[in-house]
């Protein structure tokens, strides 16, 4: 299982490449990325034919994993073949492709590599556009118009595969083994790699590879695969293909207590979600896009609670060291900005629903700025700018260095919620009042205040602080944070702003002539009255951080909005199955004596009941990834995050901490 906690943060290294007649060659391994004869033909013959792709391609859910993602040639060849068979597949069939790469190409290297293959330009253009930056971890790309999910793990393949295997799910139908030649890159062809393959393979899973090396044959056979030789491509004499012989020979996954995992379940066909804010909207869309019929019940109007501010910003905070807060913030920022940059100008109206403007972050943490400056030559989500360059980006004078995040946007949260809920499989019911719910023999029954009754195979609670009103989730340590924003008309100086500005608060470029700035921070304050003192706090902090932009402070020019945020005591969301508290405490009582003890028992949960809440002030940023984590778990799909992050968000973490500390909840 991957564990980066407290290690120094560093970008993933790019490969050292030389170009020989337009073909990329690794200097480190002295090996080509694809055949010098015809890379596309090689990929189709060795990997698609070898893995029996046609036999698998009609699966409603097809999952492919590749070791050595490289330029993405095998991936796009497979995607092209799958898309070309659309008339032979079910309309809602999906392809999930997972690629592992410890040295991902830069975007410039990727563009150069794909100049050679114009026949796949429709896919290559999309891949280049969405190509992840050089941050470690899993990067999820979702191409909804094609029903394709692409997970790119910028990590050591062995570590990432072990991490996935620790979840005890068999995800993959096909394996493509395409690391550099085994004689020069032994770690990519180790027995432990093959064992992880077996642990992650579904019944009948196949593999294909360009090599016929003896160690590879023996390693795959030992892991439980039948191995066959076939003629190689081009100058290669032989290649291998094979199939997982029997699940009984599959090695056992590593011994990590499954306290955070959803017990195996039949993927749902119907779902009810209570809560129509950002959390519920993202969860609903993620389920609907996987073919689940979703009913969303909202007590008032959509986005009327903590998601009701006029403007919000996609926001993150880089750190010098890895940690769950920093790592989740950076991962969620990247998937959120990728999503919004797809939506703005299509289903979201630029300038009204949001704007891709970037943001500048000023900070007194000079040590972090100095540390991050050393990575200026990497393609990262942020840049460290000196005061002069930062002033030019902002359109206002700054006197200190700042972090610049060019992919960020300001967004109108209500518009985002409405957009996410606009799907043919989502039925929205507003003004339902508070709902009650109970489990029945086939799922969950929900009753609203109007006397209506709803049923779903699963129930997702996205009700923020109202979770503490339900007996099933009353034990969650949530806290209410009152936040007041201030709305001020744009001035001559503020109209020059080209990016959002973040300090202790935030100031985005104006929306229809009005800026939304703020926000105050009032723990355990649940009053919704608008306070002049809070407006003055917002304006005073902004004036101190950005004196070159002035707003009038007369009462006639000031208005605002109050919302109650929901967060947890550790400031991370709660995402996952709702545990049965009494059953959990009894099952894992042994963790008190030894917190790392392996207890091989599935987590006692309330079957079919899930929660997504505690997004705090970062719902726009955290919501998309939180929903993907939740729904991937529900649908038994590969996770978009390493397991240490899934554990950090699991509702059961609070019960586990109580046991470990000798104070069960």
Checking 615, 645, 625, 630 in turn, the sole residue that is under 15 Å from the mean Cα position of the chain (by Cα) and in a loop (DSSP other than H, G, I, E, B) turns out to be 615
I'd like the residue in segment 287-341 that is assigned to a strand (DSSP E or B) and assigned by TED's automatic domain parsing to the domain that holds residue 631 and, out of all such residues, is surrounded by the fewest Cβ atoms within 10 Å (Cβ to Cβ). 293
With the first residue restricted to segment 17-34 and required to be at positive phi, and the second required to be assigned to a loop (DSSP other than H, G, I, E, B) and modelled with pLDDT under 90, Cβ contacts under 8 Å at 6 or more apart or on different chains are 21/36; 22/116; 30/184
Please note which strands (runs of 3 or more DSSP E) are completely contained in segment 146-233 and include at least 1 residues that are within 19 Å of residue 644 (Cβ to Cβ) and at pLDDT 95 or above. 148-154
Please state which one of 272, 324 is out of contact with any strand residue (DSSP E or B) (no Cβ under 9 Å at 6 or more places or on another chain) and closer than 25 Å to residue 611 by Cα. 324
Residues of segment 581-611 being under 24 Å from residue 287 (Cβ atoms) and surrounded by fewer than 19 Cβ atoms within 10 Å (Cβ to Cβ), which ones? 602, 606, 607
Do we find that residue 124 is more than 30 Å from residue 328 (Cβ to Cβ), crowded, with 18+ Cβ neighbours inside 10 Å and at pLDDT 95 or above in this structure? yes
Residue under question is residue 72, and the condition is that it be closer than 19 Å to residue 628 by Cβ, touching a residue at least 24 places away in the same chain (Cβ under 8 Å) and touching a helix residue (DSSP H, G or I) at 6+ places or on another chain (Cβ under 7 Å); does it hold? no
Answer yes or no as to whether residue 62 is in contact (Cβ under 8 Å) with a residue 24 or more places away in the chain, part of a helix (DSSP H, G or I) and on the phi < 0 side of the Ramachandran plot. no
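From 579, 573, which residue is in contact with a strand residue (DSSP E or B) (Cβ under 9 Å, 6 or more places away or on another chain), closer than 22 Å to residue 619 by Cβ and in contact (Cβ under 8 Å) with a residue 60 or more places away in the chain?
Matching residue, one of 579, 573: 573.
The values are calculated or read from the model by the stated rules, or taken from the named source; none is laboratory data. Just so we're clear, the structure is a prediction, and the values are computed from it rather than from any experiment. Neighbour counts are summed over all protein chains in view; Cβ atoms, including those assigned to glycine, are modelled from backbone coordinates with ideal geometry.
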